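See structure below.
The values are calculated or read from the model by the stated rules, or taken from the named source; none is laboratory data. Just so it is clear, the model here is predicted, and its values are computed rather than measured. Heads up, the Cβs are rebuilt from the backbone with ideal geometry, glycines too, and the neighbour counts pull from every protein chain shown. For accessibility, only protein heavy atoms count, side chains too; no ligands or nucleic acids. Shrake-Rupley method; radii C 1.70, N 1.55, O 1.52, S 1.80 Å.
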Amino acid sequence: MPHVIAVYPGTFDPITLGHEDLVARAAQLFDEVIVAVAVGHHKKTLFSLDDRMALVREVVRPFPQVRVESFDGLVRDFVRAHGAKAMVRGVRSVTDFEYERQLAGMNRHLMPDVETVFLTPSDRFAHLSSSFVREIHTLGGDVQALVSPAVLQRLQAQVPVQR
């Protein structure tokens, strides 16, 4: 049987327990998973690329078949350069699905030999997004149940809380 590599791309600003849940699910399905951290030139990120890479590496440490790399430009080029046969995408809601379905169609056009695999997070993470985590934390809310301890510590060090 062939060695199947999947790429899970994202900005991961910051990586949440929802992302971690999807990494764990993907690690059960594929021989190797590459968490591809986007440079994020299209978004203003809270954390630098190096910080995001370090946090993702920290939280995926329990999964020996998962590695973390950065990418810039089209994810298609990254996927092809690493010989991946699947791209993992998280879907939390119908709204997510519609956007992700369109993205999967475009990716199929760009790389017809790569399948997009939609994974849904556990129910307890279905509402979770990095944007919510950043906003809740910045406004003084408790995000301890939404991110790993390493991410929480980095958030507390990086982001001044408004009260």
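What to note about this one:
- Out of L103, L155, sole residue that is open to solvent by 20 Å² or more (accessible area, probe 1.4 Å) and either part of a helix (DSSP H, G or I) or in contact with a Ser or Thr (Cβ under 8 Å, 6 or more places away or on another chain) (or both): L103
- Count of the stretch 125-142 residues which are in contact (Cβ under 8 Å) with a residue 60 or more places away in the chain, assigned to a helix (DSSP H, G or I) and either surrounded by fewer than 14 Cβ atoms within 10 Å (Cβ to Cβ) or polar (S, T, N, Q) (or both): 1
- Residue match in the stretch 57-75 (condition: of a type in the set (D, E), under 15 Å from D21 (Cβ atoms) and modelled with pLDDT under 95): no
- With respect to (1) crowded, with 16+ Cβ neighbours inside 10 Å; (2) on the phi > 0 side of the Ramachandran plot, the lone exception for T116 is condition (2).
- Boolean, V147 is surrounded by 14 or more Cβ atoms within 10 Å (Cβ to Cβ), within 17 Å of G10 (Cα to Cα) and in contact with a strand residue (DSSP E or B) (Cβ under 8 Å, 6 or more places away or on another chain): no
- Residue that is nearest to the chain's Cα centre (by Cα) [pool: residues in the stretch 106-123 that are of a type in the set (D, E, K, R) and not in a helix (DSSP H, G or I)]: E115
- Of all residues in the stretch 111-142, those satisfying the criterion of being among the hydrophobic types (A, V, I, L, M, F, W, C), touching a Lys or Arg at 6+ places or on another chain (Cβ under 9 Å) and either at pLDDT 90 or above or farther than 22 Å from V7 by Cα (or both) are M111, V114, V117, F118, L119, F125, L128, L139.
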